[in-house]
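The values are calculated or read from the model by the stated rules, or taken from the named source; none is laboratory data. All figures in this text were calculated on a predicted structure; none of them were measured in a lab. Positions of Cβ are generated from backbone atoms using ideal geometry, with glycine treated the same way; all protein chains shown enter the neighbour counts.
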Amino acid sequence: MYVAGFGGSWFEHPFWRPKFMIENKRDLDKVTHSSVPYVLIDETLGASVEPEPAACEADADIAAQEQREHPLRRVRKARRPAFQMTKEAIAHRRASQLVNRTKQQMRRIFTDLQMGWALDRADVDGVLDNIVQSVGEDAHALLNVLRIKTKDDYTFLHSAAVCTLMLCVARHRGMDEAETRDLGLAGLLHDVGKIGIPDEVLNKPARLTDPEFSIVKNHPEHGHKLLASAGDIAATALDVCLHHHEKIDGTGYPFGLSAENISFAARLGAVCDIFDALTSQRAYKDAWSPQQALTKMWAWEGHLDHAVMAELMVALNLFAEGLLVKLSNDRLAITLHNDPPGKAAPVVQFFAVEAEEMVAPQKIIIPNDGKGVRVLSVEEPGEWGFDDWDAVHSRVVDALGA
Ligand SMILES: [Fe+2]
Ligand SMILES: [Fe+2]
């Protein structure tokens with residue numbers, strides 16, 4: 001058979017010549033295993049293929065006539081791709097494409113604001129639309145891509161990641177579209193004030209000096225000013241921009257607000273902000289795994305709101321290690337070490353809620369797709385009578401290993 005050309009891109013076929021005679025099985029295999037959709041064969045120079053059975057005599061005549069007039073024929077390969085991309089690989093590729101676009105768009109948005117220009121709402125809404133859609137498809141794939149940052153794109157990707165995390169919680173809460181978008185916008189613009197900070201301070205891998213830290217501490221107020229003058233920005237975004245570095249024990253900045261004066265959105269902004277910073281892979285440091293980051297954050301006293309952290313964990317199906325959780329199958333369980341880090345959460349169920357009794361500890365995996373058993377909430381051990389939580393935890397986990 002004489003190949004007179006390939007369909008699709010020439011990158012996809014394994015031959016350096018576009019025209020040649022197939023003379024052996026090895027060449028034939030190369031063609032059939034490549035990812036080209038079809039080949040053109042020249043029937044005047046080589047063999048033909050079996051004609052498709054004609055539906056009637058007239059069809060057969062037409063086919064014979066066509067063959068005489070057009071010796072080049074397209075031969076479609078059997079519909080069997082040379083390799084099949086997994087669902088995860090497809091989701092990863094889509095997320096990477098989105099992140100590349102988002103990076104450019106965010107750079108433009110931040111630059112416009114720095115120049116004192118009005119915020120282009122169409123641009124911002126475009127970024128938000130794409131992230132909202134991607135969160136609906138596979139938020140984990142998006143977060144995995146957003147985790148890898150270089151110093152040049154750190155703030156843009158960090159903003160997109162905080163936006164993604166806030167959207168996950170909004171969706172999990174069942175917020176309406178307007179509230180969801182306001183939270184997403186807040187994540188996207190929370191660090192816009194960093195645009196005025198010199199790169200050498202922003203990207204410094206070592207501990208900041210006092211004067212450098214005071215420059216950094218100015219970014220919430222600077223960002224708020226930029227957003228307020230850009231006009232038409234939802235109050236939630238202004239609030240999160242100004243207050244995402246406040247701490248619930250009143251030791252945060254810029255105002256040292258106490259817990260009751262920090263809104264839900266700002267508390268969520270703080271949690272998502274730190275979670276993304278700790279799990280980001282940068283040139284000079286290894287990232288913490290999501291579970292490591294959540295476990296450390298949960299242990300911090302007075303910084304973050306545990307209720308808000310719990311919402312993020314349930315929304316992502318990612319948990320700090322050793323938490324008491326309530327499952328959808330009438331059981332209480334303890335979250336286990338997630339090793340190797342995966343999307344599904346391992347837990348050990350040990351207590352029947354309705355019957356109020358201990359049951360034989362059993363390890364189960366909570367899938368990430370919401371199908372099957374789900375984690376409903378993170379619980380306070382003391383409220384279930386587990387006053388010595390460390391002792392209960394060790395007993396249950398040890399019984400599992402026995
Ligand atoms: Fe910040
Ligand atoms: Fe941030």
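Tabulated data for the structure shown
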{"item": "Scope region 209-237; condition in contact (Cβ under 8 Å) with a residue 60 or more places away in the chain, away from ligand 1 (no atom under 15 Å from the Cβ) and crowded, with 18+ Cβ neighbours inside 10 Å; matching residues", "result": "A230, I233"}
{"item": "Test: E221 is of a type outside the set (S, T, Y), part of a helix (DSSP H, G or I) and at pLDDT below 95", "result": "no"}
{"item": "Elements of type helices (runs of 4 or more DSSP H) contained in region 99-208, each with 1 or more residues being free of Cβ contacts under 8 Å to residues at least 60 places away in the same chain and surrounded by fewer than 14 Cβ atoms within 10 Å (Cβ to Cβ)", "result": "121-146, 177-189, 199-202"}
{"item": "Criterion violated by A139 - all others in (1) within 16 Å of ligand 1 (Cβ to nearest atom); (2) modelled with pLDDT of 90 or more satisfied", "result": "(1)"}
{"item": "Residue within region 191-204 that is assigned by TED's automatic domain parsing to the domain that holds C272, touching a Leu at 6+ places or on another chain (Cβ under 6 Å), modelled with pLDDT under 90 and away from ligand 2 (no atom under 16 Å from the Cβ) present", "result": "no"}
{"item": "Filter result (closer than 13 Å to L324 by Cα and loosely packed, with under 13 Cβ neighbours inside 10 Å) within region 353-376", "result": "L376"}
{"item": "Test: residue in region 329-348 that is touching a helix residue (DSSP H, G or I) at 6+ places or on another chain (Cβ under 6 Å), surrounded by 14 or more Cβ atoms within 10 Å (Cβ to Cβ) and touching a residue at least 60 places away in the same chain (Cβ under 8 Å)", "result": "yes"}
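Residues are listed down the side, and each one gets a yes or a no for (1) within 13 Å of ligand 1 (Cβ to nearest atom); (2) out of contact with any helix residue (DSSP H, G or I) (no Cβ under 9 Å at 6 or more places or on another chain); (3) touching a residue at least 40 places away in the same chain (Cβ under 8 Å); (4) not charged (D, E, K, R):
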{"position": "D239", "(1), (2), (3), (4)": "no, no, yes, no"}
{"position": "H245", "(1), (2), (3), (4)": "yes, no, no, yes"}
{"position": "I248", "(1), (2), (3), (4)": "no, no, yes, yes"}
{"position": "Y253", "(1), (2), (3), (4)": "yes, no, no, yes"}
{"position": "L257", "(1), (2), (3), (4)": "no, no, no, yes"}
